[in-house]
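Some notes on the structure that comes next.
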Amino acid sequence: MKVLSIQPTPNPNAYKFFLDRTLTSRPREIASADRAGDDPLATALFAIDGVKTLFFMDDFVTVTWEDAADWRAVTERVRATLEQHEPPRAVAHGLPEGGTAEVDDQELMERIQAVLDDRVRPALAGDGGGLEVVGLEAKVLRIRYQGACGSCPSSIAGTLMAIQNMLQSEVDEELQVISA
């Protein structure tokens with residue numbers, strides 16, 4: 001497997017590593033080494049001192065590191081680990097951790113998902129992250145940021161408000177969006 005490019009993200013503690021292979025057909029975040037399971041690539045990446053979280057999507061992996069970590073060392077070791085690894089076959093993973101989202105209005109949820117899929121998720125992926133819907137209850141949408149967005153200061157305030165404004169404008173003016 002070859003690393004084609006390494007790009008910074010808006011999160012100062014995360015980089016996107018673009019690869020010459022598709023890693024997964026569904027976004028997947030692994031929040032810690034003990035959650036890597038039997039994934040040899042995730043296990044190898046978590047063995048790098050300072051790696052905090054991993055986010056796999058299509059042909060890239062976003063690596064977030066601890067505040068105290070030496071980002072240059074982490075970046076070089078991640079690149080070497082990715083390039084030494086057997087090219088994986090694209091893996092389809094099941095539902096996000098915790099199963100399905102709690103939804104009390106399926107029709108509204110479908111309209112929300114359409115906007116998120118069309119306008120929000122591609123923008124977040126461009127910054128090395130993603131978004132998981134945790135639930136929808138009484139017009140309150142609970143979301144969880146993934147990848148670089150998960151620990152980025154701007155995602156909690158500005159991006160959350162932008163998503164809420166977009167959904168209020170395009171789906172339902174009573175919607176509220178909160179971070180889970």
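Using only DSSP helix segments of four residues or longer, with each worth -39500 (n - 2.57), what per-residue ellipticity at 222 nm results for the chain after dividing by its residue count and rounding to 500?
Roughly -7500 deg cm²/dmol at 222 nm, from the helical runs in the chain.
I'd like to compare 123-129, 52-58, 159-165: which one has the highest average count of other Cβ atoms within 10 Å, and what's the full order after that?
Packing proxy ranking, top to bottom: 52-58, 123-129, 159-165.
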Review point. About the Cα centre of the chain, what is the dipole size in debye to 20, counting +1 per Lys and Arg Cβ and -1 per Asp and Glu Cβ, all else neutral?
Key: 620 debye
Review point. Classify segment 3-84: rounded, prolate or oblate, from the alpha-carbon gyration tensor (a ≥ b ≥ c, eigenvalue square roots; a/c under 1.5 rounded; otherwise prolate if a/b is larger than b/c)?
Key: rounded
Review point. In the chain, with Lys and Arg counted as +1 and Asp and Glu as -1 at Cβ, which of these residues, Ala73, Met166, Pro122, has the Cα nearest the positive end of the dipole, that is, farthest along it?
Key: Ala73
Study note, to complete from the structure: Note, segment 22-27: 3J(HN,Hα) by Karplus (6.51, -1.76, 1.60, θ = phi - 60°), whole Hz, Gly/Pro = x, goes 7, 8, 7, 9, 9, x
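FYI, it's all coordinate maths here, none of it is from the lab. These figures come from a predicted structure and were not determined experimentally. Backbone-built Cβ (ideal geometry, glycine too); neighbour counts: all protein chains shown.
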